[in-house]
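**Student:** The structure's right below; bear with me while I get my questions together.
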Amino acid sequence: MIVSKPAVAGTLESNDCYVTVLPNHSSGIQLVIRSIVMQKYGHLIEKTIREVLEEYQIEHVSLTLEDKGALDFTIKARVKTALERSV
Amino acid sequence: MYIEALDLRQLSDYKKLSDFLVPFGLELDLVDGAYVLYDQRKWVGCGCKYRNVLKNFAIAPEYQSQQLLEPLLQHVKEEAFKQGYLKTFIYTPKSNKALFESLYYRLIVEDDKVCLLENGHPSFEDVMKSYETNKRGVTGAIVVNANPFTFGHQYLIEYASSRVAALDVFVVEEEASLFSFQTRMQLVKEGVAHLSNVTVLPSSEYMVSRATFPTYFLKDEKRVNRHHAQLDALLFAKGFASSRHISTRFFGEEPKDITTKNYMDICAKILPEHGCNVVIIPRISADETLISATTVREGWKRKDWALLEKLVPSSTLAYLTSHEYP
(Lines give C-alpha, C1' and ligand atoms only; values in the text may rest on other atoms or scores of the structure.)
Protein backbone atom coordinates (compact mmCIF):
# COMPACT_ATOMS: atom_id res chain seq x y z
CA MET A 1 0.00 0.00 0.00
CA ILE A 2 1.13 3.57 -0.65
CA VAL A 3 0.40 6.42 1.75
CA SER A 4 -0.77 9.10 -0.63
CA LYS A 5 -2.21 11.81 1.61
CA PRO A 6 -1.90 13.04 5.20
CA ALA A 7 -4.26 11.35 7.65
CA VAL A 8 -4.88 11.13 11.40
CA ALA A 9 -6.63 8.79 13.82
CA GLY A 10 -7.18 8.59 17.56
CA THR A 11 -7.43 10.98 20.50
CA LEU A 12 -5.22 12.11 23.36
CA GLU A 13 -7.51 10.80 26.05
CA SER A 14 -6.06 8.45 28.64
CA ASN A 15 -5.34 4.96 27.28
CA ASP A 16 -5.49 6.15 23.70
CA CYS A 17 -3.03 7.51 21.17
CA TYR A 18 -3.04 9.94 18.27
CA VAL A 19 -1.49 8.84 15.01
CA THR A 20 -0.48 11.10 12.11
CA VAL A 21 0.74 9.64 8.81
CA LEU A 22 2.27 11.69 6.03
CA PRO A 23 3.32 10.55 2.57
CA ASN A 24 7.02 10.40 1.84
CA HIS A 25 8.05 8.89 -1.40
CA SER A 26 11.66 7.93 -0.92
CA SER A 27 12.80 8.29 2.68
CA GLY A 28 11.75 4.89 4.01
CA ILE A 29 9.91 4.51 7.28
CA GLN A 30 10.32 7.50 9.59
CA LEU A 31 8.85 7.10 13.04
CA VAL A 32 8.45 9.64 15.78
CA ILE A 33 7.06 8.26 19.02
CA ARG A 34 6.15 10.44 21.98
CA SER A 35 4.92 8.70 25.07
CA ILE A 36 4.46 9.22 28.78
CA VAL A 37 5.91 5.71 29.17
CA MET A 38 8.62 6.04 26.53
CA GLN A 39 11.45 4.68 28.64
CA LYS A 40 9.64 1.56 29.67
CA TYR A 41 7.52 0.75 26.62
CA GLY A 42 8.91 2.82 23.74
CA HIS A 43 10.52 -0.19 22.04
CA LEU A 44 7.28 -2.20 22.27
CA ILE A 45 5.24 0.65 20.78
CA GLU A 46 7.71 0.82 17.91
CA LYS A 47 7.53 -2.95 17.38
CA THR A 48 3.73 -2.81 17.24
CA ILE A 49 3.77 0.02 14.68
CA ARG A 50 6.30 -1.79 12.51
CA GLU A 51 4.21 -4.95 12.53
CA VAL A 52 1.22 -3.03 11.14
CA LEU A 53 3.35 -1.30 8.51
CA GLU A 54 4.69 -4.68 7.45
CA GLU A 55 1.18 -6.13 7.25
CA TYR A 56 0.21 -3.25 4.93
CA GLN A 57 3.49 -3.61 2.99
CA ILE A 58 4.37 0.03 3.48
CA GLU A 59 7.90 1.04 2.55
CA HIS A 60 7.71 4.82 2.78
CA VAL A 61 5.85 6.80 5.42
CA SER A 62 6.39 9.47 8.06
CA LEU A 63 4.42 8.38 11.09
CA THR A 64 4.05 10.20 14.39
CA LEU A 65 2.43 8.52 17.36
CA GLU A 66 1.56 10.54 20.45
CA ASP A 67 0.73 8.13 23.21
CA LYS A 68 -1.35 8.48 26.35
CA GLY A 69 -0.81 4.95 27.60
CA ALA A 70 -2.54 3.01 24.84
CA LEU A 71 -2.45 -0.80 24.91
CA ASP A 72 -1.08 -2.62 21.89
CA PHE A 73 -4.44 -3.44 20.29
CA THR A 74 -5.39 0.23 20.55
CA ILE A 75 -2.12 1.24 18.91
CA LYS A 76 -2.71 -1.28 16.11
CA ALA A 77 -6.27 -0.05 15.53
CA ARG A 78 -5.24 3.61 15.45
CA VAL A 79 -2.32 3.00 13.09
CA LYS A 80 -4.51 0.89 10.77
CA THR A 81 -7.24 3.52 10.71
CA ALA A 82 -4.78 6.30 9.91
CA LEU A 83 -3.31 4.19 7.09
CA GLU A 84 -6.74 3.33 5.66
CA ARG A 85 -7.56 7.04 5.64
CA SER A 86 -4.34 7.94 3.86
CA VAL A 87 -5.09 6.12 0.61
CA MET B 1 -21.44 16.86 25.27
CA TYR B 2 -20.68 17.78 21.71
CA ILE B 3 -18.63 20.24 19.71
CA GLU B 4 -20.04 22.37 16.91
CA ALA B 5 -18.62 25.00 14.58
CA LEU B 6 -19.98 28.49 15.03
CA ASP B 7 -21.14 30.48 12.03
CA LEU B 8 -19.02 33.60 12.41
CA ARG B 9 -21.04 35.46 9.80
CA GLN B 10 -23.98 35.48 12.23
CA LEU B 11 -23.54 38.64 14.23
CA SER B 12 -25.39 37.19 17.23
CA ASP B 13 -23.06 34.17 17.39
CA TYR B 14 -20.01 36.39 17.04
CA LYS B 15 -21.26 38.57 19.88
CA LYS B 16 -21.99 35.55 22.05
CA LEU B 17 -18.49 34.17 21.51
CA SER B 18 -16.92 37.52 22.23
CA ASP B 19 -18.93 37.80 25.48
CA PHE B 20 -18.06 34.24 26.48
CA LEU B 21 -14.34 35.08 26.26
CA VAL B 22 -14.48 38.25 28.37
CA PRO B 23 -14.34 36.60 31.84
CA PHE B 24 -11.23 34.70 30.70
CA GLY B 25 -9.46 37.94 29.80
CA LEU B 26 -9.50 36.92 26.13
CA GLU B 27 -10.28 39.26 23.31
CA LEU B 28 -11.67 38.02 20.01
CA ASP B 29 -9.49 39.23 17.16
CA LEU B 30 -8.78 37.63 13.81
CA VAL B 31 -10.32 34.11 13.62
CA ASP B 32 -11.44 31.98 10.68
CA GLY B 33 -12.95 29.18 12.74
CA ALA B 34 -14.67 29.01 16.12
CA TYR B 35 -15.85 25.82 17.84
CA VAL B 36 -18.11 25.56 20.83
CA LEU B 37 -18.37 22.75 23.34
CA TYR B 38 -21.94 22.25 24.54
CA ASP B 39 -23.46 20.44 27.51
CA GLN B 40 -27.09 20.01 26.44
CA ARG B 41 -27.52 23.46 24.91
CA LYS B 42 -25.30 25.29 27.34
CA TRP B 43 -21.98 26.80 26.26
CA VAL B 44 -19.26 25.07 28.23
CA GLY B 45 -16.12 25.91 26.30
CA CYS B 46 -14.71 27.23 23.06
CA GLY B 47 -11.62 27.19 20.89
CA CYS B 48 -10.77 29.25 17.81
CA LYS B 49 -8.22 29.29 15.04
CA TYR B 50 -6.84 31.56 12.38
CA ARG B 51 -5.21 29.47 9.65
CA ASN B 52 -2.77 27.25 11.58
CA VAL B 53 -2.76 29.29 14.77
CA LEU B 54 -4.98 27.96 17.53
CA LYS B 55 -6.24 30.54 19.99
CA ASN B 56 -8.87 31.63 22.49
CA PHE B 57 -9.33 28.32 24.27
CA ALA B 58 -11.60 28.68 27.28
CA ILE B 59 -13.57 26.29 29.47
CA ALA B 60 -16.18 27.40 32.00
CA PRO B 61 -14.84 27.20 35.58
CA GLU B 62 -17.41 24.63 36.77
CA TYR B 63 -16.31 22.24 33.98
CA GLN B 64 -12.57 22.70 34.22
CA SER B 65 -11.84 19.49 36.07
CA GLN B 66 -13.35 17.30 33.38
CA GLN B 67 -10.43 17.18 30.94
CA LEU B 68 -12.47 18.87 28.27
CA LEU B 69 -9.59 20.77 26.74
CA GLU B 70 -8.35 17.62 25.01
CA PRO B 71 -11.35 16.94 22.73
CA LEU B 72 -11.77 20.65 21.99
CA LEU B 73 -8.12 21.11 21.09
CA GLN B 74 -8.07 17.96 18.94
CA HIS B 75 -11.21 19.09 17.15
CA VAL B 76 -9.77 22.49 16.23
CA LYS B 77 -6.42 20.93 15.31
CA GLU B 78 -8.16 18.46 12.97
CA GLU B 79 -10.12 21.27 11.33
CA ALA B 80 -6.78 22.93 10.55
CA PHE B 81 -5.44 19.57 9.35
CA LYS B 82 -8.39 19.17 6.96
CA GLN B 83 -7.49 22.56 5.51
CA GLY B 84 -4.01 21.24 4.78
CA TYR B 85 -2.10 22.58 7.79
CA LEU B 86 0.19 19.79 8.99
CA LYS B 87 1.45 21.94 11.83
CA THR B 88 -0.39 24.11 14.33
CA PHE B 89 0.83 26.79 16.72
CA ILE B 90 -0.47 27.90 20.09
CA TYR B 91 0.45 31.20 21.61
CA THR B 92 -0.46 31.26 25.29
CA PRO B 93 0.43 32.65 28.75
CA LYS B 94 3.15 30.66 30.47
CA SER B 95 0.68 29.48 33.09
CA ASN B 96 -0.90 27.22 30.43
CA LYS B 97 2.37 25.82 29.13
CA ALA B 98 2.27 22.53 31.03
CA LEU B 99 -1.33 21.93 30.02
CA PHE B 100 -0.57 22.13 26.30
CA GLU B 101 2.71 20.27 26.70
CA SER B 102 0.75 17.36 28.17
CA LEU B 103 -1.11 17.30 24.83
CA TYR B 104 2.22 17.07 22.98
CA TYR B 105 2.54 20.69 21.99
CA ARG B 106 6.22 21.49 22.17
CA LEU B 107 7.70 24.73 23.39
CA ILE B 108 9.63 26.65 20.74
CA VAL B 109 10.23 29.92 22.53
CA GLU B 110 9.14 31.85 25.62
CA ASP B 111 9.76 35.17 27.32
CA ASP B 112 8.87 36.22 30.87
CA LYS B 113 5.08 35.99 30.33
CA VAL B 114 4.07 34.14 27.17
CA CYS B 115 5.15 31.17 25.11
CA LEU B 116 4.77 29.77 21.61
CA LEU B 117 4.22 26.03 21.17
CA GLU B 118 3.80 23.87 18.09
CA ASN B 119 2.70 20.41 17.08
CA GLY B 120 3.17 18.80 13.68
CA HIS B 121 5.46 18.76 10.68
CA PRO B 122 7.99 20.07 10.00
CA SER B 123 9.20 21.00 13.48
CA PHE B 124 11.14 24.16 14.35
CA GLU B 125 14.31 22.06 14.72
CA ASP B 126 13.82 20.48 11.28
CA VAL B 127 13.28 23.84 9.63
CA MET B 128 16.33 25.35 11.34
CA LYS B 129 18.37 22.34 10.25
CA SER B 130 17.38 23.05 6.65
CA TYR B 131 18.90 26.56 7.03
CA GLU B 132 22.21 25.25 8.37
CA THR B 133 25.38 26.33 6.61
CA ASN B 134 29.13 26.38 7.17
CA LYS B 135 30.84 29.34 8.81
CA ARG B 136 31.49 31.99 6.18
CA GLY B 137 33.45 34.58 8.18
CA VAL B 138 31.60 37.52 9.74
CA THR B 139 27.98 37.07 8.68
CA GLY B 140 25.17 39.58 8.66
CA ALA B 141 21.45 39.33 8.03
CA ILE B 142 18.70 41.61 6.89
CA VAL B 143 14.97 40.89 6.72
CA VAL B 144 12.89 42.56 4.03
CA ASN B 145 9.30 42.36 2.91
CA ALA B 146 10.25 44.25 -0.29
CA ASN B 147 6.73 45.05 -1.41
CA PRO B 148 8.25 45.74 -3.94
CA PHE B 149 12.07 45.96 -4.05
CA THR B 150 13.28 49.60 -4.25
CA PHE B 151 16.56 51.53 -4.44
CA GLY B 152 16.11 51.85 -0.68
CA HIS B 153 16.36 48.08 -0.19
CA GLN B 154 19.20 47.90 -2.68
CA TYR B 155 21.12 50.58 -0.78
CA LEU B 156 20.58 48.84 2.57
CA ILE B 157 21.76 45.53 1.20
CA GLU B 158 24.78 47.03 -0.59
CA TYR B 159 25.76 48.89 2.58
CA ALA B 160 25.34 45.81 4.78
CA SER B 161 27.12 43.48 2.35
CA SER B 162 30.16 45.79 2.25
CA ARG B 163 30.55 45.43 6.01
CA VAL B 164 30.49 41.63 6.35
CA ALA B 165 32.03 38.62 4.64
CA ALA B 166 28.60 37.13 3.91
CA LEU B 167 25.10 38.56 4.03
CA ASP B 168 21.82 36.63 4.24
CA VAL B 169 18.75 38.46 2.99
CA PHE B 170 15.51 36.94 4.28
CA VAL B 171 12.36 37.74 2.34
CA VAL B 172 9.16 37.63 4.42
CA GLU B 173 7.19 34.63 3.19
CA GLU B 174 3.80 35.60 4.62
CA GLU B 175 1.31 36.45 1.87
CA ALA B 176 -0.03 39.69 3.35
CA SER B 177 1.26 42.10 0.71
CA LEU B 178 0.24 43.54 -2.65
CA PHE B 179 3.06 41.60 -4.34
CA SER B 180 3.11 37.83 -3.94
CA PHE B 181 5.99 36.18 -2.09
CA GLN B 182 7.22 34.66 -5.34
CA THR B 183 7.36 38.04 -7.08
CA ARG B 184 8.98 39.78 -4.11
CA MET B 185 11.60 37.03 -3.88
CA GLN B 186 12.35 37.21 -7.61
CA LEU B 187 12.72 41.03 -7.59
CA VAL B 188 15.05 40.88 -4.57
CA LYS B 189 17.20 38.25 -6.28
CA GLU B 190 17.42 40.33 -9.47
CA GLY B 191 18.15 43.50 -7.50
CA VAL B 192 21.11 42.00 -5.60
CA ALA B 193 22.50 39.79 -8.39
CA HIS B 194 25.61 42.03 -8.62
CA LEU B 195 26.60 41.28 -5.00
CA SER B 196 28.57 38.05 -4.80
CA ASN B 197 28.45 37.64 -1.00
CA VAL B 198 24.66 37.90 -0.70
CA THR B 199 22.33 34.91 -0.29
CA VAL B 200 18.57 35.44 -0.67
CA LEU B 201 16.43 33.11 1.46
CA PRO B 202 12.76 32.61 2.30
CA SER B 203 11.89 33.65 5.86
CA SER B 204 9.87 30.50 6.76
CA GLU B 205 6.97 30.87 9.17
CA TYR B 206 9.33 31.43 12.08
CA MET B 207 10.12 35.02 11.13
CA VAL B 208 7.61 37.90 11.02
CA SER B 209 4.78 35.51 10.13
CA ARG B 210 1.15 35.38 11.20
CA ALA B 211 2.10 32.57 13.56
CA THR B 212 5.03 34.14 15.33
CA PHE B 213 3.98 37.76 15.09
CA PRO B 214 0.20 37.96 14.57
CA THR B 215 -0.31 41.57 15.59
CA TYR B 216 2.23 42.79 13.03
CA PHE B 217 -0.34 42.09 10.33
CA LEU B 218 -3.26 43.83 12.02
CA LYS B 219 -1.82 47.21 10.97
CA ASP B 220 -3.00 48.80 14.16
CA GLU B 221 -0.15 50.21 16.19
CA LYS B 222 -2.02 50.07 19.49
CA ARG B 223 -2.49 46.33 19.12
CA VAL B 224 1.14 45.48 18.46
CA ASN B 225 2.02 43.21 21.22
CA ARG B 226 5.40 43.63 22.86
CA HIS B 227 5.47 39.89 23.57
CA HIS B 228 4.93 38.94 19.93
CA ALA B 229 7.89 41.11 18.95
CA GLN B 230 9.99 39.63 21.75
CA LEU B 231 9.22 36.06 20.71
CA ASP B 232 10.05 36.88 17.10
CA ALA B 233 13.41 38.35 18.16
CA LEU B 234 14.12 35.30 20.33
CA LEU B 235 13.28 32.91 17.47
CA PHE B 236 15.76 34.77 15.30
CA ALA B 237 18.49 34.58 17.92
CA LYS B 238 17.84 30.96 18.87
CA GLY B 239 17.15 29.59 15.39
CA PHE B 240 18.36 31.53 12.37
CA ALA B 241 21.34 33.29 13.98
CA SER B 242 22.71 30.00 15.27
CA SER B 243 22.01 27.90 12.13
CA ARG B 244 23.63 30.51 9.86
CA HIS B 245 26.28 31.92 12.25
CA ILE B 246 24.81 35.42 12.02
CA SER B 247 26.55 37.95 14.27
CA THR B 248 24.96 41.19 13.00
CA ARG B 249 21.41 42.00 12.01
CA PHE B 250 20.93 45.13 9.92
CA PHE B 251 17.75 47.22 9.88
CA GLY B 252 16.72 50.11 7.68
CA GLU B 253 15.81 53.14 9.75
CA GLU B 254 12.04 53.48 9.97
CA PRO B 255 10.78 57.08 10.03
CA LYS B 256 7.04 56.46 9.56
CA ASP B 257 5.67 53.06 10.49
CA ILE B 258 5.34 52.79 14.29
CA THR B 259 4.75 49.03 14.20
CA THR B 260 8.08 48.44 12.51
CA LYS B 261 9.84 50.97 14.71
CA ASN B 262 8.66 49.28 17.92
CA TYR B 263 9.73 45.91 16.54
CA MET B 264 13.20 47.29 15.77
CA ASP B 265 13.55 48.76 19.26
CA ILE B 266 12.75 45.38 20.78
CA CYS B 267 15.21 43.58 18.48
CA ALA B 268 17.87 46.17 19.37
CA LYS B 269 17.38 45.28 23.02
CA ILE B 270 17.05 41.48 22.77
CA LEU B 271 19.42 40.39 19.98
CA PRO B 272 22.62 41.76 21.57
CA GLU B 273 21.75 39.81 24.75
CA HIS B 274 22.05 36.69 22.57
CA GLY B 275 25.30 37.59 20.83
CA CYS B 276 23.88 39.28 17.73
CA ASN B 277 24.67 42.96 17.13
CA VAL B 278 22.08 45.31 15.71
CA VAL B 279 23.00 48.01 13.19
CA ILE B 280 20.43 50.55 12.02
CA ILE B 281 21.16 52.11 8.63
CA PRO B 282 19.71 55.56 7.74
CA ARG B 283 17.43 55.70 4.71
CA ILE B 284 18.28 57.42 1.45
CA SER B 285 16.10 59.83 -0.51
CA ALA B 286 15.66 60.37 -4.23
CA ASP B 287 15.69 64.16 -4.66
CA GLU B 288 13.26 65.18 -1.94
CA THR B 289 11.21 61.98 -1.97
CA LEU B 290 11.90 59.47 0.78
CA ILE B 291 12.19 56.10 -0.95
CA SER B 292 9.59 53.74 0.42
CA ALA B 293 7.67 50.82 -0.99
CA THR B 294 4.43 52.64 -0.11
CA THR B 295 5.41 55.55 -2.40
CA VAL B 296 6.23 53.03 -5.13
CA ARG B 297 2.84 51.31 -4.85
CA GLU B 298 1.07 54.68 -5.04
CA GLY B 299 3.18 55.69 -8.04
CA TRP B 300 2.43 52.39 -9.77
CA LYS B 301 -1.30 52.92 -9.26
CA ARG B 302 -1.06 56.35 -10.95
CA LYS B 303 1.34 54.96 -13.61
CA ASP B 304 3.81 57.71 -12.66
CA TRP B 305 6.76 56.18 -14.50
CA ALA B 306 8.94 59.27 -14.11
CA LEU B 307 8.67 58.96 -10.33
CA LEU B 308 9.12 55.17 -10.33
CA GLU B 309 12.36 55.46 -12.31
CA LYS B 310 13.82 57.38 -9.39
CA LEU B 311 12.64 54.88 -6.80
CA VAL B 312 13.22 51.38 -8.14
CA PRO B 313 16.00 49.54 -10.00
CA SER B 314 15.47 48.51 -13.62
CA SER B 315 14.52 44.94 -12.66
CA THR B 316 11.60 46.12 -10.52
CA LEU B 317 10.64 48.76 -13.08
CA ALA B 318 10.48 46.10 -15.80
CA TYR B 319 8.05 44.12 -13.67
CA LEU B 320 5.88 47.17 -12.93
CA THR B 321 5.68 48.27 -16.59
CA SER B 322 4.75 44.78 -17.75
CA HIS B 323 2.02 44.19 -15.12
CA GLU B 324 -1.24 46.00 -14.36
CA TYR B 325 -1.88 47.41 -10.88
CA PRO B 326 -4.36 44.89 -9.45
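The values are calculated or read from the model by the stated rules, or taken from the named source; none is laboratory data. Keep in mind that this is a model prediction, so the values were computed, not measured. Positions of Cβ are generated from backbone atoms using ideal geometry, with glycine treated the same way; all protein chains shown enter the neighbour counts. Side chains included, ligands, DNA and RNA excluded: accessible areas come from the protein's heavy atoms. Shrake-Rupley method; radii C 1.70, N 1.55, O 1.52, S 1.80 Å.
**Student:** For the cross-link pairs B:K49/B:K129; B:K97/B:K261; B:K55/B:K77; A:K5/B:K82, which exceed 18 Å when the distance is taken from alpha carbon to alpha carbon?
**Tutor:** In this structure, B:K49/B:K129; B:K97/B:K261 lie more than 18 Å apart at Cα.
**Student:** Please enumerate, by chain and number, the aspartates and glutamates with C-alpha under 20 Å from the C-alpha of A:K47, excluding those fewer than 8 residues away in the same chain.
**Tutor:** In chain and number order, the partners are A:D16, A:E55, A:E59, A:E66, A:D67, A:D72, A:E84.
**Student:** Among A:D67, B:D265, B:D287, what's the order by accessible area (1.4 angstrom probe), most exposed first?
**Tutor:** Descending accessible area places them as B:D287, B:D265, A:D67.
**Student:** Can you grab the distance from the C-alpha centre of the range B:182-251 to the C-alpha centre of the range A:1-38, Å, no decimals?
**Tutor:** 32 Å
**Student:** Between the helical axis of A:38-55 and the dominant principal axis of chain A, each derived from Cα atoms, what acute angle in degrees is found, rounded to the nearest 10?
**Tutor:** Computed tilt is about 30 degrees.
**Student:** Let me ask something else about it. For the range A:7-85, which whole percent of the accessible surface, found with a 1.4 angstrom probe, sits on carbon and sulfur atoms?
**Tutor:** About 48 percent, which is the carbon plus sulfur part of the accessible surface.
**Student:** In straight Cα distance, which lysines are under 20 Å from B:K135, not counting same-chain residues fewer than 8 positions off?
**Tutor:** Within the straight-line cut-off, B:K135 pairs with B:K238.
**Student:** Kindly report the accessible area of the protein assembly as shown per residue (heavy atoms of protein chains, probe 1.4 Å, no ligands, DNA or RNA), in Å². Before the final figure, lay out each step's value.
**Tutor:** Values: 19900 Å² over 413 residues.
Using a 1.4 Å probe on heavy atoms only, each residue of the protein assembly as shown averages 48 Å².
**Student:** Hey, another quick one. Quick one: check the C-alpha center-to-center distance for the range B:83-138 versus the range B:258-326, whole angstrom.
**Tutor:** For the range B:83-138 versus the range B:258-326, the Cα centre distance is 30 Å.
**Student:** Another question, then. Which angle from 0 to 90°, rounded to the nearest 10, does the C-alpha axis of helix B:151-162 make with the longest principal axis of chain B?
**Tutor:** Helix B:151-162 and the main axis of chain B meet at about 80 degrees.
**Student:** Can you give the angle from 0 to 90° between the axis of helix A:72-85 and the longest principal axis of chain A, with both taken from C-alpha atoms, to the nearest 10?
**Tutor:** Around 30 degrees separate the two axes.
**Student:** Efficiency by 1/(1 + (r/R0)^6): what FRET value for B:S285 and A:H43, r their Cβ-Cβ distance, R0 = 60 Å, to the nearest 0.05?
**Tutor:** 0.35
**Student:** Describe numerically, in nm with one decimal, the distance between label points set 7 Å from Cα along Cα→Cβ at B:K113 and at B:S162.
**Tutor:** Reported label-point gap for B:K113 and B:S162 is 4.2 nm.
**Student:** Let me ask something else about it. Just the number, please: buried accessible area between A and B, total of both chains, 1.4 angstrom probe, nearest 100 square angstrom.
**Tutor:** 1300 Å²
**Student:** Related question: Probe radius 1.4 Å, ligands and nucleic acids ignored: give me the carbon and sulfur share of the accessible area of the range B:149-197 as a rounded percent.
**Tutor:** 48 percent
**Student:** For the pair B:E4 and B:K16, how long in nm is the line joining their label points, each one 7 Å along Cα→Cβ?
**Tutor:** The answer from the label model is 0.8 nm.
**Student:** In debye, nearest 20: dipole of chain B around its Cα centre with unit charges on the Cβ of K, R (+) and D, E (-)?
**Tutor:** Details: 38 positive and 41 negative charges, 43 e Å.
The calculated dipole for chain B is roughly 200 debye.
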